[in-house]
1. What residue, of D107, D113, D153, is assigned by TED's automatic domain parsing to the domain that holds G277, among the acidic types (D, E), out of contact with any strand residue (DSSP E or B) (no Cβ under 6 Å at 6 or more places or on another chain) and farther than 22 Å from F311 by Cα?
2. Of the conditions (1) in contact with a strand residue (DSSP E or B) (Cβ under 6 Å, 6 or more places away or on another chain); (2) at pLDDT 95 or above; (3) not basic (K, R), N197 satisfies every one except a single condition; which number is it?
3. Does the stretch 31-63 hold any residues that are part of a helix (DSSP H, G or I) and buried (at least 18 other Cβ atoms within 10 Å of the Cβ), and which are they?
4. If you scan the stretch 231-246, which residues turn out to be within 16 Å of the ligand (Cβ to nearest atom) and not acidic (D, E)?
5. Out of G176, G92, which single residue is more than 15 Å from the ligand (Cβ to nearest atom) and within 26 Å of D298 (Cβ to Cβ)?
6. Checking the structure you have, find out if any residue of the stretch 257-273 is closer than 29 Å to M333 by Cα, in a loop (DSSP other than H, G, I, E, B), among the polar types (S, T, N, Q) and within 16 Å of the ligand (Cβ to nearest atom).
7. Across the stretch 198-235, which residue is farthest from K272 (Cα to Cα) among those that are of a type in the set (D, E) and touching a residue at least 12 places away in the same chain (Cβ under 8 Å)?
8. Output the number of the condition that K82 fails; it satisfies all remaining conditions of (1) away from the ligand (no atom under 16 Å from the Cβ); (2) farther than 20 Å from G277 by Cα; (3) basic (K, R).
Amino acid sequence: MSNLKDKLDLKTPTSNDLYLKSEEVLAQQIVDTVSMPYPVFIQAAKGSKLIDVDGNEYIDLVGGFGPHVLGHAPDVVIDALKEAVDNGVQFGLHNPYQEQFARLLVDAIPCADKVVFCNSGTEASMFAIRAARAFTGRTKIAMFEGGFHGAHDYVLAKVVTSSDVDNPDFYSMGQGIPEATQSNTMMLPYLNDQAFNLIRKHADELALVLIEPVQGSNPRLDVGDFLTELVSVCNEAGVLCLFDEVITGFRLAFGGAQEFFGAKPDMAIYGKAPGGGLPLGVIAGRGDIMEVFTRQFDIYNDDGTIEPSIFTAGTFSGNPMTMTAGTAAVTYMRDNPEIYRNMAENGTRLAEEVNLFCQQEELPAAMSSALSLFYFRIQTGGQIKSVRNIDKTSNKAADDLFCLNLLDRGVIMGPMHIGYISAQHTSQDIDTVIKAIKESLLEVRKAGLI
Ligand SMILES: Cc1ncc(COP(=O)(O)O)c(C=O)c1O
């Protein structure tokens, strides 16, 4: 490993220097799950490529953690931003940019009668939960093991893998989350019909069930029946169902997972892709539910019923820059449906070829994939059914050497993280990536780490 690291050190002196300098003042640069075994600082990005501060070029599989369905810095978005920026970047007050973008989203999102803008997937998740609680008058929320719904206190929960498979227990991800915050959170078993029984059993106290229609930690396409059943169980039980489409929205298909699987929840949240690369969060949903955002105050009717309102705010919510980038990106996605065919073809071929190679070479590694979204893991047992099946003894040394080898071959992929391909990844890019993955795995085996 040190030979390879020495070689990369020589190629990336400015990155190394920046790494040392930034550690003096930055408590965190990027989260642990995406940190590379070796620091590469990116100066510029275009299409499927990244250029580091020393001028080295890489094929990007990190994809900015998901927003860049159209590749990095797509002309259509950059041109629109250049035109808009001279008019001012933030007003706080009413502006004409929101309506145009909102209309595009309402037309594209099956469950959306109306939308509300905020600044991230985390905010969208937080506000959607508040809305569901206000609308139903109940407080409990349920989420599935392996799911991720942002970095706020209610949902930072991880399954205890030794707990009952039919009734999972969970713990908070990291310190600083008061126990009381999560006392109203419930965890459901993934791809397990017992989840439906738990929803029925707790229907009286449950406001909302959240699900990632395709889990970032476990991308797969054989989940359509489970999603359809979930929506119908929630409907029958009178519990709201929310699809967290922060990853799948405008990526799996133009209409996201709802279009792809033909399932329509009560609410959905978005981030990443429809922002065209700028920070965005969107809450979308049925008109009667979205009314809680519209009202400024609770209305007390003569018959004793209350029409609830909720408070949301965000200095930068609906700002002209994000609205402009989003409008340009989503319009392009709508008008160029072939991008989804290309991404699907490239992503599927990538996973098929890598998995075939792993099987032929009897390598303990597998790529789970859902079209342009994948998760590559070096571990025994191949594909996982749920995060419970992740090998906890996973081999960091093997992951690191694998990633270093990829870097040396001009490919960037975050270890322990989702990989994304974009509409700008060419078939030749995919060939290069497949070759790099195969060679890197063989190097890891040669080093005796797998
Ligand atoms: C499914 C899902 N929901 C919510 C979020 C939070 O979004 P953000 O990082 O924009 O806050 C993420 C982020 O990766 C996500 O993958």
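1. On the way: D113 fails: farther than 22 Å from F311 by Cα; D153 fails: farther than 22 Å from F311 by Cα.
Being assigned by TED's automatic domain parsing to the domain that holds G277, among the acidic types (D, E), out of contact with any strand residue (DSSP E or B) (no Cβ under 6 Å at 6 or more places or on another chain) and farther than 22 Å from F311 by Cα holds for just one of D107, D113, D153, which is D107.
2. With (1) in contact with a strand residue (DSSP E or B) (Cβ under 6 Å, 6 or more places away or on another chain); (2) at pLDDT 95 or above; (3) not basic (K, R) applied to N197, the lone miss is (1).
3. First pass over the stretch 31-63, keeping only residues part of a helix (DSSP H, G or I): 32-34, 63.
Hit for the stretch 31-63 is G63, nothing else.
4. Step one: list which residues in the stretch 231-246 are within 16 Å of the ligand (Cβ to nearest atom), which gives 241-246.
Result: C241, L242, F243, V246.
5. Working: G176 fails: within 26 Å of D298 (Cβ to Cβ).
Residue meeting the stated conditions: G92.
6. no
7. Here is the first cut: in the stretch 198-235, the ones of a type in the set (D, E) are 204-205, 212, 222, 225, 229.
Cutting the leftovers down to touching a residue at least 12 places away in the same chain (Cβ under 8 Å) gives us 204-205, 212, 229.
Working: D204: 34, E205: 32, E212: 14, E229: 27 Å.
That would be D204.
8. Among (1) away from the ligand (no atom under 16 Å from the Cβ); (2) farther than 20 Å from G277 by Cα; (3) basic (K, R), K82 violates only (2).
The values are calculated or read from the model by the stated rules, or taken from the named source; none is laboratory data. Please read these numbers as outputs of a predicted model, since none were measured by experiment. FYI the Cβ positions are ideal-geometry reconstructions off the backbone, even for glycines, and counts take in every protein chain you see.
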